[in-house]
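Quick notes on the structure that follows.
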Amino acid sequence: MKKEDCYFLGKITRRHGLHGNVFLKLDTDQPEMYSKLDTVFVDINGLLVPFFIARQSWSKGETLIVSFKNSTEALVDQVVGKDVYLPLSGLPKLTGNKFYYHEVIGFEIREEDGKSCGIIESVNDQTGQHYFVLTLAGKQIVIPIIKDWIIELNREEKFLKMSLPEGLMDVFLVPSKKDE
């Protein structure tokens, strides 16, 4: 399994008890989708290694207590602190203006009048307000991801049409490294 064929599910944060269980902190706003996992892929030294789940139960919020099949103390030590992935093929298809962040990388953002704002290079979801990072004419632009601003998502032509407040492009223009 290659990382580009997978999506980030969460991180194994620490061990739980003395019987080979670990805490898996999910990075999702729909944790209920993951109530019956049977296999996950753990990133160990850049390789995605499959781990088969014997049992799982909910802890708090988006955290699962997981027990792997044939778990040992050495195995638990090896996976603590590691990122966990699942295959993209397992994600349900979204329609309309709903999208997964990884899905829109490379899409163009257009204003209502069709003017290009740039191409989505990445999505930052590590802050309170998630945002697109775009490039246009060698400049980096940051656009907040606000559901009400999205007018159209065109998967075939790979663009997002957004209703952006006047002047937003000027405010969120970030100087590129060579301009500094």
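Restricting to Cα pairs below 8 Å that are 6+ residues apart, what does the relative contact order work out to for the chain? Please round to a whole percent. Spell out each step's value before the answer.
Values: 327 pairs, mean separation 30.7, N = 180.
Computed over the chain, the figure is 17 percent.
Rounded to the nearest 0.05, what FRET efficiency do ALA137 and GLU111 give with R0 = 22 Å and r taken as the Cβ-Cβ distance? Could you check?
Values: r = 15 Å, r/R0 = 0.69.
Plugging the Cβ-Cβ distance into 1/(1 + (r/R0)^6) gives 0.90.
Please report the relative contact order for the stretch 1-91, taking Cα pairs under 8 Å with a sequence separation of at least 6, and give it as a percent rounded to a whole number.
Details: 177 pairs, mean separation 36.5, N = 91.
Value for the stretch 1-91: 40 percent.
Hey, what did the stretch 101-179 get for relative contact order, percent, Cα under 8 Å, at least 6 apart?
On the way: 141 pairs, mean separation 21.9, N = 79.
The normalised contact order for the stretch 101-179 reaches 28 percent.
Name the long-range amide H neighbours of ALA54: under 5 Å, sequence gap of 5 or more, or other chain; modelled H, no Pro or chain starts.
SER67, PHE68, LYS69
In the chain, with Lys and Arg counted as +1 and Asp and Glu as -1 at Cβ, which of these residues, HIS102, GLY114, GLY46, has the Cα nearest the positive end of the dipole, that is, farthest along it?
My answer, from the dipole projection, is GLY46.
With unit charges on the beta carbon (Lys/Arg positive, Asp/Glu negative), name the residue among VAL84, TYR34, GLN56 whose Cα is farthest towards the positive pole of the charge dipole of the stretch 24-126.
GLN56
Output ³J(HN,Hα) for the stretch 43-59: one whole-Hz value per residue in order, computed from phi by the Karplus curve 6.51 cos²θ - 1.76 cosθ + 1.60 with θ = phi - 60°, and x for Gly and Pro.
7, 10, 6, x, 10, 8, 9, x, 10, 9, 8, 7, 8, 8, 8, 7, 9
Measuring from a point 7 Å past the Cα of LYS36 along Cα-to-C-beta, which residues in the stretch 48-83 have an amide N at less than 16 Å?
53-58
Below 11 angstrom from the Cβ of GLU103, what's the summed charge of the other residues (Lys, Arg +1; Asp, Glu -1)?
Neighbour charge sum, excluding GLU103 itself: +4.
Testing the spin-label approximation: label points 7 Å from Cα along Cα→Cβ at PHE99 and ASP5. State their distance in nm.
Computed distance between label sites PHE99 and ASP5 equals 2.5 nm.
Between VAL49 and ASN154, what FRET efficiency comes out of the Förster formula 1/(1 + (r/R0)^6) with R0 = 45 Å and r the beta carbon distance, rounded to 0.05?
Taking R0 as 45 Å, the efficiency between ASN154 and VAL49 is 0.75.
About the Cα centre, and with charges only on the beta carbon of Lys, Arg (+1) and Asp, Glu (-1), how big is the dipole of the chain? Nearest 20 debye, please.
With only Lys, Arg, Asp and Glu charged at Cβ, the dipole is about 760 debye.
Rounded if a/c is under 1.5, else prolate if a/b is larger than b/c, else oblate: which is the stretch 3-90, with a ≥ b ≥ c the root eigenvalues of its Cα gyration tensor? Write down the numbers at each step before the final one.
Values: a/c = 1.63, a/b = 1.13, b/c = 1.44.
Taking the square roots of the gyration eigenvalues as a ≥ b ≥ c, the stretch 3-90 is oblate.
Let me have the 222 nm mean residue ellipticity of the chain computed from DSSP H runs of 4+ only, each contributing -39500 (n - 2.57), with the sum over all residues rounded to the nearest 500. Don't jump to the answer; show the numbers that get you there.
Working: 2 runs with 11 residues, N = 180.
It lands at -1500 deg cm²/dmol.
In whole angstrom, note down how far apart the Cα centers of the stretch 1-45 and the stretch 88-106 are.
20 Å
Describe numerically, in nm with one decimal, the distance between label points set 7 Å from Cα along Cα→Cβ at HIS130 and at HIS19.
3.6 nm
Only four residue types carry charge here, +1 at the Cβ of Lys and Arg and -1 at the Cβ of Asp and Glu. Report the dipole size of the stretch 85-176 about the Cα centre in Debye, rounded to the nearest 20.
Numbers: 9 positive and 13 negative charges, 55 e Å.
Charge dipole, the stretch 85-176, about its Cα centre: 260 debye, nearest 20.
Every number in this text was worked out from the coordinates using simple rules, so none of it is lab data. Only a predicted model underlies this, so the values are computations on that prediction, with no experimental measurement involved. All Cβ positions, glycine included, derive from the backbone under ideal geometry; neighbour counts span all protein chains shown.
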